[in-house]
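To keep things clear, I will list the structure first and then write my remarks on it.
Every number in this text was worked out from the coordinates using simple rules, so none of it is lab data. Since the model is a prediction, treat every value here as computed from it, not as a measurement. All Cβ positions, even for glycine, are placed from backbone atoms using ideal geometry, and neighbour counts span all protein chains on display.
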Amino acid sequence: MRFLLDTHLVVWVPVSGPRLSRSARTILNDPENSFLFSAVSLWEIAIKRSIGKLDRGIDPRTIRRELIAMGYEELAVLGQHAVAVESLPWIHKDPFDRLLIAQATVEGITLLTADATVARYPGSIRKV
């Protein structure tokens, strides 16, 4: 199965963070699964880091490099992803999360999330 990681997981996976749940670890360790991370998550990390809302030790360049080294695929933001945001219900107002949901929907992959609000969206979303 193919999974798109939400931003929390993009931050936690490279360091095998203690915040990863047992269900997340099970999915991440299954060799049958493949994983993508979005440029959206890197953009969110960079913005939050630059305004002081995220630990300066969390470097989007390092995270990107480590995820690629782990075999994760990078998903670019396309115009069709951006326009798909318009059709999403207003369950969540966070623009980064909304774009991740739209990407997963357009690409036909499952969004893996640690966010209960994101998990309320219809479609292929799995909360871990």
Give me the percent relative contact order of the stretch 1-108, please, defined on Cα pairs under 8 angstrom at least 6 residues apart. 28 percent
Which of these, Leu36, Leu111, Leu28, has the largest mean-square fluctuation under a Gaussian network model of the chain (Cα springs below 10 Å)? Leu28
With a cut-off of at most 10 other beta carbons within 10 Å, and DSSP calling the residue loop, which GluC sites (Glu not before Pro) in the stretch 10-92 qualify? Please list them. Glu32
Any trypsin sites (Lys or Arg not before Pro) in the stretch 1-61 that lie in a DSSP loop and have at most 12 other Cβ atoms within 10 Å would be Arg19, Lys53, Arg56
Determine the gain in length on full extension of the stretch Arg61-Val77; use 0.36 nm per residue of separation and subtract their C-alpha separation, reporting nm with one decimal. 4.0 nm
The alpha-carbon center of the stretch 83-128 and that of the stretch 20-42 are separated, in whole Å, by 16 Å
Taking a ≥ b ≥ c as the square roots of the eigenvalues of the Cα gyration tensor, with a/c under 1.5 meaning rounded and otherwise prolate when a/b exceeds b/c and oblate if not, the chain is rounded
For Lys127, give me every one of the aspartates and glutamates with a C-alpha distance below 13 angstrom, ignoring sequence neighbours fewer than eight places off in its own chain. Asp6, Asp115
Please find, in a Gaussian network model of the chain (springs between Cα atoms separated by less than 10 Å), the residue of Val77, Val85, Val118 whose mean-square fluctuation is greatest. Val77
Across Ile101, Ile27, Ile51, the residue with the highest GNM fluctuation in the chain (Cα network, 10 Å cutoff) is Ile51
At 222 nm, what helix-only mean residue ellipticity would the chain give, in deg cm²/dmol to the nearest 500, using -39500 (n - 2.57) for each DSSP H run of four or more? -12000 deg cm²/dmol
